[in-house]
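Written out below as structure tokens is the structure these notes cover.
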Amino acid sequence: QQRQAVFENHGSSKAQGLSAEMANPPYTFDSNAQGSAPQLSDIIGQEGSATIALDALVRSEQLMRALSGDSADFPHGLTLLLPTNDAFQKLDSLPEDLELVLKRHFIPRAVTAQEVEKGITLRSYERLATLRFTSSQGRVFVQADRRAPTEVRGAGVHAGSGTYYL
């Protein structure tokens with residue numbers, strides 16, 4: 001199963017092998033691109049703690065366009081709450097549709113660190129989830145719908161097409 005193969009590729013014993021499709025993604029990240037400021041896609045391609053999410057991102061033309069700043073769906077920038085490998089490892093198995101899961105982690109506008117720290121409620125891409133940011137004792141949390149809050153790490157990494165948080 002492809003979703004189990006991703007766990008194996010990222011150090012988990014939950015599955016075996018890596019499928020040919022996973023080994024040959026249709027998109028790649030170019031962190032050495034020449035020209036203007038790097039896009040969000042270039043920067044998150046270097047994020048070693050989120051390789052499962054990155055594998056799924058490079059297979060989605062729609063999400064890669066958004067990350068590259070080439071999507072009419074995100075005229076006001078975007079914010080990505082990039083799920084880490086640790087977050088996926090806490091699941092019994094990977095969800096069938098990782099693209100749908102990742103869309104719940106995209107916010108169709110740039111969200112500032114001040115908004116996140118202050119607390120804000122937003123809808124995710126395609127209105128798939130309601131995301132509530134709260135802070136307590138210097139730590140920031142996000143809660144998707146009725147799920148348990150998850151800590152947001154870092155102050156956000158900015159690039160030409162948006163911001164991402166882990």
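The values are calculated or read from the model by the stated rules, or taken from the named source; none is laboratory data. For clarity, every value in this text was computed on a predicted model and none was experimentally measured. In this analysis, Cβ positions are derived from the backbone assuming ideal geometry, glycine residues included, and neighbour counts consider all displayed protein chains. Side chains are part of the model used for accessible areas, which takes the heavy atoms of the whole protein and leaves out ligands, DNA and RNA. Shrake-Rupley method; radii C 1.70, N 1.55, O 1.52, S 1.80 Å.
List the trypsin sites (Lys or Arg not before Pro) within the stretch 69-153 that fall in a DSSP loop (any state other than H, G, I, E or B) and whose Cβ has at most 11 other Cβ atoms within 10 Å.
Taking the stretch 69-153 and a limit of 11 other Cβ atoms within 10 Å, the loop trypsin sites (Lys or Arg not before Pro) found are LYS90, ARG146, ARG147.
What are the ³J(HN,Hα) couplings of the stretch 70-82, residue after residue, when phi is run through the Karplus curve with 6.51, -1.76, 1.60 and θ = phi - 60°? Round to Hz, x for glycine and proline.
Computed from phi, the couplings for the stretch 70-82 are 10, 9, 5, 6, 10, x, 10, x, 8, 10, 10, 9, 6 Hz.
Could you report the accessible area of SER68 in Å², rounded to 10, computed with a 1.4 Å probe on the protein chains as they sit in the structure?
50 Å²
Specify, per residue and in Å³, the volume enclosed by the convex hull of the alpha carbon atoms belonging to the stretch 40-91.
It is 76 Å³ per residue.
Could you give the size of the charge dipole of the stretch 64-166 about its Cα centre, using +1 on the Cβ of each K and R and -1 on the Cβ of each D and E, expressed in debye and rounded to the nearest 20?
360 debye
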